[in-house]
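A short worksheet on the structure shown next.
Nothing in this text is a laboratory measurement; each read-out follows from the coordinates by a stated rule. Everything numeric here is computed off the predicted structure, so don't read it as measured data. Cβ coordinates were reconstructed from backbone atoms using ideal geometry, including for glycine residues, and neighbour counts include every protein chain displayed.
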Amino acid sequence: MTAQILDGKKLAKQIRTELAEQVTRFAAETKVTPTLAAVLVGDDPASDVYVRNKRRDCAEVGIESILHRLPAETSQSELLSLIAKLNIDSQVHGILVQLPLPKHINTEQVLEAIAPTKDVDAFHPENVGRLVQGRPVFLPCTPHGVVELLKRNNIPIAGKHVVVVGRSDIVGKPLSIMLAQKGADATVTLCHSRTQNLPEVTRLADILVVAIGKPNFITADMVRPGAVVVDVGINRTDAGLVGDVDFDAVSKVAGHITPVPGGVGPLTRVMLLINTLSAARVSSQ
Ligand code: GUN
């Protein structure tokens, strides 16, 4: 068997075209240009690329983005005062603080300082709580990207067994909650580094989502023939960017598979645009 590729790059492009029309209509009706403030602290090269790509996406759909680039030595209180300023700036609808932050910064405190109504990453405890209760204002970008990728490729989720590997606050935890929620209706198993007999569990998956941050961690023997495999991993190795799934081997077993790059990543970025437009809509009501 050769798996069908779930092309996130192409789908993201299509959604951006839809979004550009929505942004144009919104701006015509309200005279407001949706605006994202991106905060980048330090000079991590990967973060630099991520933020540049996010700003390019914004420009493509007509969202304004303002970059606040701060030196690595920025103190906690300097960063908090920038966020406080952005919170009360009526021209700014979304605030994104690129992670990871330098080691001396308390990330939790920074994320909690962002006004929940401008929290387009949906990392604030209030937004996480709302998600858990099934009444989110913003959906977290990567989990939302995974769900949208499945839905728009007509992959049924309701009643299916989804096995999520990785329990991070950004991906695994919120995704497992979203998929088990009424409406999505999946049966979810959340695995992590301490899961026993992991291959036995992953082989139960109709849909296997992997976000564990280990290159080529999922091998062909861990996948049920015909399963849908979604690879959220982005690992920089000597061989270039690779996912958490051994793509060459697993694509011979799976029914559907996402490539890395060009799978989940482009959709994650699109969801940030959706959240920024939605933040602008809320603030202009
Ligand atoms: N760093 C890696 N992923 C993300 C993300 O989704 N949002 C932010 N702000 N930083 C990240």
If packing is taken as the average count of other Cβ atoms within 10 Å, what order do 45-55, 147-157 fall into, highest mean first? 147-157, 45-55
Fewest-first sequence of 284, 193 by Cβ atoms within 10 Å of each Cβ: 193, 284
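Going by how many other Cβ atoms sit within 10 Å of their own, how do 273, 86 line up, fewest first? It would help to have the intermediate numbers written out before the result.
Working: 273 29, 86 21.
Going from sparsest to densest Cβ surroundings: 86, 273.
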Using the Karplus curve 6.51 cos²θ - 1.76 cosθ + 1.60 with θ = phi - 60°, work out ³J(HN,Hα) for each residue of segment 15-31 in order, rounded to whole Hz, and write x for Gly and Pro. 5, 5, 5, 4, 5, 4, 5, 5, 5, 4, 5, 4, 5, 5, 6, 10, 6
What's the lysine pair count for segment 1-153 at a Cα cut-off below 26 Å, pairs eight or more apart or interchain? 18
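Just in segment 82-132: which trypsin sites (Lys or Arg not before Pro) are loop by DSSP and have at most 10 other Cβ atoms within 10 Å? Could you put the intermediate results ahead of the total?
Working: sites: 85, 103, 118, 130; in loops: 103.
Qualifying residues, ordered by number: 103.
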Tell me the relative contact order for the chain as a rounded percent, counting alpha carbon contacts under 8 Å between residues six or more apart. 23 percent
Would you tally the net charge around residue 271, using a Cβ to Cβ cut-off of less than 10 Å, leaving residue 271 out, and scoring K and R as +1, D and E as -1? -1
Two-site label geometry, residue 185 and residue 29: point separation in nm, points 7 Å out along Cα→Cβ: 3.1 nm
Relative packing of 17-23, 56-62, 257-263, which averages over residues the other C-beta atoms within 10 Å, highest first: 257-263, 56-62, 17-23
